[in-house]
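Values in this text are rule-based calculations from the coordinates and carry no lab data. All of these numbers come straight from a predicted model, not from anything done at the bench. In this analysis, Cβ positions are derived from the backbone assuming ideal geometry, glycine residues included, and neighbour counts consider all displayed protein chains.
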Amino acid sequence: MTEQDYTTVENSADTLSHYPGIPRLRLATAYIPPQVFREMFPLSEALNKGTLFPELYRPYRRYPMKGEV
Amino acid sequence: MDRSRVTMLRELQELEFALVELNLYLDTHPNDNKALSTFNNLAAHLAKAKKNYEARYGPLINFGHSGPVSSWNWIDEPWPWEIEY
Amino acid sequence: MWLYEKKLQYPVRVSKKDLPMARYLLTQFGGPNGELSAAIRYLSQRYSMPTGKAKGVLTDIGTEELAHWEIIATMVYKLTKGATPEELRRAGLGSYYAIWDKGIHPSDSNGVPWTAAYINTMGDPIADLHEDMAAEEKARATYENLINLSDDPDLIDVLRFLRQREVVHFQRFGETLNHLQGYMNGKKFY
């Protein structure tokens, strides 16, 4: 692994401390916030919706059908 | 179509879906004990629900994973894509 | 080792024949952003992953994608049941029928057969996970297109389910990417 260059403003962010469990954001590096499990949908609703987790539910609004707005 | 079969399948689908979701969640959060115990509860429920279904309609899983059978009903119809839900 | 459960993951209700829709749905059976591509991609990538977590995620999501592949086939099967060659021809499925009859063939909506050119197994865990996240977004977008093409509430119901699965898979792959990036950098991330 190459040594990190801490002299530039962007890279010196790496020298800042961070809370345990929260990775530091890095240049040229994608990061997706991890899910924190809180509660679940009831089983029947979960199957209908396609996920057990309310925070991951992202419904799609379809193109209006004929006669709708 | 046997409506009680569809109802039993629906119960299995609901249980198994929650278990798939928890399985995937635990794969990336292996230390989440709350999720683990929820998984275990549901897995126990599923074992019972499977036994009920299989007693009436035959094995759900092939190669012996649904236990011994009294006749070779694994090949019986309808297959999943033929069932009227 | 794979086992098969004789049960659909989600119930598929089809009340009437719809050959044009069956044709569009074929893209998720054997097209570039379809479930077969997803399954083969993830199940192939898992062999060169460096951690148990990554192998687990790719194995499990890859397996779920095969279940979705089965759901798409079920939709096509039910939508084309009882169709005559004349009806197939009028729906633009004449060329398909000429080659594959009533068989459900892994190809896209234009009859282009499935190819491994739709997937990549780079062996580079970071590249592979980015491909997986892109694949989930492309699948999600394709399901949105299919939802827009249909006016049948039963079909739309299944398509919404499949679309939401892609959102969840994206999240899992994102979490796996975080983990692998931490691993490749020699640090532990949670």
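Cβ-Cβ distances below 8 Å connect the following pairs, each with a first residue in the range C:46-67 that is under 12 Å from residue C:180 (Cβ atoms), a second residue that is of a type outside the set (A, V, I, L, M, F, W, C) and not in a helix (DSSP H, G or I), and a separation of six or more residues or different chains: C:48/C:121; C:48/C:123; C:53/B:30. Please verify whether the range B:69-77 includes one or more residues that are acidic (Asp, Glu) and farther than 30 Å from residue C:58 by Cα. So far as the range B:69-77 goes, yes, one or more of its residues are acidic (Asp, Glu) and farther than 30 Å from residue C:58 by Cα.
On the given criteria, is residue C:50 more than 14 Å from chain A (Cβ to nearest Cβ) and within 21 Å of the chain's Cα centre (by Cα)? No: the conditions fail for residue C:50. Condition test on residue B:23, is it more than 11 Å from every other protein chain (Cβ to nearest Cβ) and either part of a strand (DSSP E or B) or surrounded by 11 or more Cβ atoms within 10 Å (Cβ to Cβ) (or both)? So residue B:23 does not fit the description; no. The listed residues are B:43, B:47, and the only one of them that is touching a Leu at 6+ places or on another chain (Cβ under 7 Å) and closer than 24 Å to residue A:52 by Cα turns out to be B:43. Is it the case that the range C:132-150 has a residue that's part of a helix (DSSP H, G or I), among the charged types (D, E, K, R), at the interface with chain A (Cβ under 7 Å from one of its Cβ atoms) and out of contact with any Pro (no Cβ under 6 Å at 6 or more places or on another chain)? Within the range C:132-150, one or more residues are part of a helix (DSSP H, G or I), among the charged types (D, E, K, R), at the interface with chain A (Cβ under 7 Å from one of its Cβ atoms) and out of contact with any Pro (no Cβ under 6 Å at 6 or more places or on another chain).
Each row is one residue, and each column tells you yes or no for (1) more than 15 Å from the chain's Cα centre (by Cα); (2) within 24 Å of residue B:1 (Cα to Cα); (3) in a loop (DSSP other than H, G, I, E, B).
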{"residue": "B:16", "(1), (2), (3)": "no, yes, no"}
{"residue": "B:44", "(1), (2), (3)": "no, no, no"}
{"residue": "B:47", "(1), (2), (3)": "no, no, no"}
{"residue": "B:50", "(1), (2), (3)": "no, yes, no"}
{"residue": "B:59", "(1), (2), (3)": "no, yes, yes"}
{"residue": "B:81", "(1), (2), (3)": "yes, yes, no"}
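Residue pairs whose Cβ atoms lie under 9 Å apart, separated by 6 or more positions or on different chains, with the first residue in the range C:119-137 and in contact (Cβ under 8 Å) with a residue 40 or more places away in the chain and the second exposed (fewer than 14 other Cβ atoms within 10 Å of the Cβ) and outside any loop (DSSP other than H, G, I, E, B), are C:120/C:127; C:121/C:47; C:123/C:47. Filter the range A:41-52 down to residues that are within 7 Å of another protein chain (Cβ to nearest Cβ) and in a loop (DSSP other than H, G, I, E, B) and give me whichever is surrounded by the most Cβ atoms within 10 Å (Cβ to Cβ). That would be A:52.
Yes or no, residue by residue, for (1) more than 11 Å from residue C:6 (Cβ to Cβ); (2) not hydrophobic (A, V, I, L, M, F, W, C):
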residue: B:39; (1), (2): yes, no
residue: B:60; (1), (2): no, no
residue: B:64; (1), (2): yes, yes
residue: B:80; (1), (2): no, yes
residue: B:83; (1), (2): no, no
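In this entry, residue C:139 passes the filter for residues that are buried (at least 19 other Cβ atoms within 10 Å of the Cβ) and of a type in the set (Gly, Ala, Ser).
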